[in-house]
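Here's the structure we're looking at; comments come further down.
The values are calculated or read from the model by the stated rules, or taken from the named source; none is laboratory data. Computed from a prediction, not measured in an experiment: that's the story for all the values here. Cβ sites come from the backbone with ideal geometry, for glycine too, and all protein chains shown count toward neighbours.
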């Protein structure tokens with residue numbers, strides 16, 4: 001791969017203190033105006049302001065004329081490995097059919113479960129490669145992908161093998177998460193015991209240290225069932241994360257914090273008391289505004305969370321039922337409009353804090369010497385435009401691990417005053 005030097009750029013480094021950023025610290029983008037950055041052997045080798053020294057000029061030099069350079073997006077919550085289609089369900093929702101009625105008729109998550117169980121691993125691999133490629137086009141360099149559409153030991157392991165296979169073939173960093181507790185399969189006797197005593201150990205045997213996630217809600221796993229799962233997962237050396245407070249507040253936030261969860265995700269129904277609890281913890285709240293946009297117009301109170309001092313991340317929640325999107329810029333735009341985030345906070349939430357959720361802030365999420373060169377160039381000069389525009393064209397230049405993977409025609413159009 002050729003080494004690269006970027007010059008004459010507005011670089012948003014996102015550099016700062018270690019760990020997820022809380023409250024006011026989420027507005028600090030570490031901007032360098034008239035900045036330069038060198039990439040050597042896939043890593044950021046130097047960064048500075050003004051003109052780079054002759055010794056830092058690489059084989060390829062990109063003069064960006066003041067355009068924005070920032071880390072690639074880190075999408076820390078997706079369900080991008082699936083089979084089948086939910087288009088008929090979506091059309092029913094548009095016609096006024098209640099989601100509860102769709103579930104009662106065998107639709108929802110369990111319809112995707114049936115499709116995944118019937119799909120060979122190689123087809124899951126091909127589908128995920130396609131979706132990850134779409135995410136890359138819009139600037140995503142790292143993404144997490146959950147299992148959870150198998151709901152049996154065999155099919156959950158099949159999904160995780162497919163995710164791992166894609167991770168070996170992709171320019172992106174792809175992280176698998178075990179979500180065997182995505183729903184309750186009433187057709188399997190003692191399903192909760194099966195997940196805890198059979199599926200989880202089988203997964204950990206093949207994927208040691210994998211993160212264990214669960215979906216806690218009135219219609220999914222209960223508080224006691226989730227605590228049992230997490231207790232066993234921690235014994236097996238797994239970090240934990242939790243889907244909670246999407247439709248109901250059932251005690252998931254304080255339980256997850258008490259047990260040391262990396263994140264609590266959704267939070268549309270979080271209570272003021274739990275906002276205060278989350279703000280005093282190191283657990284990150286992950287906002288998934290595409291779900292509110294697609295389903296029911298309900299959004300997490302991001303402004304209240306940040307003002308209280310919480311650390312917030314943003315993700316697409318890419319899935320066939322509630323968030324059919326591959327675009328982190330769209331998630332950012334929605335978070336600013338409906339969750340109350342300011343543009344700088346949303347950028348931090350989609351890069352550094354998302355990397356912290358995945359334990360990858362030492363590799364990605366900021367532009368600093370020694371880190372992986374996952375870099376995107378935007379045809380913008382004001383970072384507020386990242387959140388202002390939606391449905392925008394992809395970044396004209398993307399580097400992943402220092403390798404150029406995208407070069408598109410750039411616009412020279414200036415915004416008239």
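Couple of notes before you dig in:
- With a requirement of 3 or more residues that are at negative phi and free of Cβ contacts under 8 Å to residues at least 24 places away in the same chain, the helices (runs of 4 or more DSSP H) lying completely within region 62-126 that satisfy it span 87-94, 99-104.
- Residue 414 meets each of the listed conditions (1) at pLDDT 95 or above; (2) in a loop (DSSP other than H, G, I, E, B); (3) not assigned by TED's automatic domain parsing to the domain that holds residue 60 apart from (1).
- When residues of region 35-53 are limited to those that are exposed (fewer than 14 other Cβ atoms within 10 Å of the Cβ) and free of Cβ contacts under 8 Å to residues at least 40 places away in the same chain, the one nearest to residue 135 (Cα to Cα): 49
- Residues that are closer than 14 Å to residue 22 by Cβ and either part of a helix (DSSP H, G or I) or outside the structural domain of residue 333 (by TED's automatic domain parsing) (or both), drawn from region 258-302: 275, 276, 277, 278, 279, 302
- Within region 307-334, being touching a helix residue (DSSP H, G or I) at 6+ places or on another chain (Cβ under 6 Å), more than 16 Å from residue 78 (Cβ to Cβ) and in a helix (DSSP H, G or I) holds for 308, 333.
- Of all the listed residues (367, 399), the sole one being assigned to a strand (DSSP E or B), closer than 18 Å to residue 5 by Cβ and over 15 Å from the mean Cα position of the chain (by Cα) is 399.
- Number of positions in region 102-133 that are in contact with a strand residue (DSSP E or B) (Cβ under 8 Å, 6 or more places away or on another chain) and surrounded by fewer than 13 Cβ atoms within 10 Å (Cβ to Cβ): 0
Yes/no matrix, rows are residues, columns are (1) loosely packed, with under 15 Cβ neighbours inside 10 Å; (2) in contact with a strand residue (DSSP E or B) (Cβ under 6 Å, 6 or more places away or on another chain); (3) modelled with pLDDT under 90; (4) farther than 20 Å from residue 4 by Cβ:
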site	(1), (2), (3), (4)
55	yes, no, yes, no
64	no, yes, no, no
71	no, no, no, no
78	no, yes, no, yes
81	no, yes, no, yes
85	yes, no, no, yes
89	no, no, no, yes
93	no, no, yes, yes
100	yes, no, yes, yes
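- Answer residue from region 183-199, given it is modelled with pLDDT of 95 or more and touching a helix residue (DSSP H, G or I) at 6+ places or on another chain (Cβ under 6 Å) and is surrounded by the fewest Cβ atoms within 10 Å (Cβ to Cβ) among those: 198
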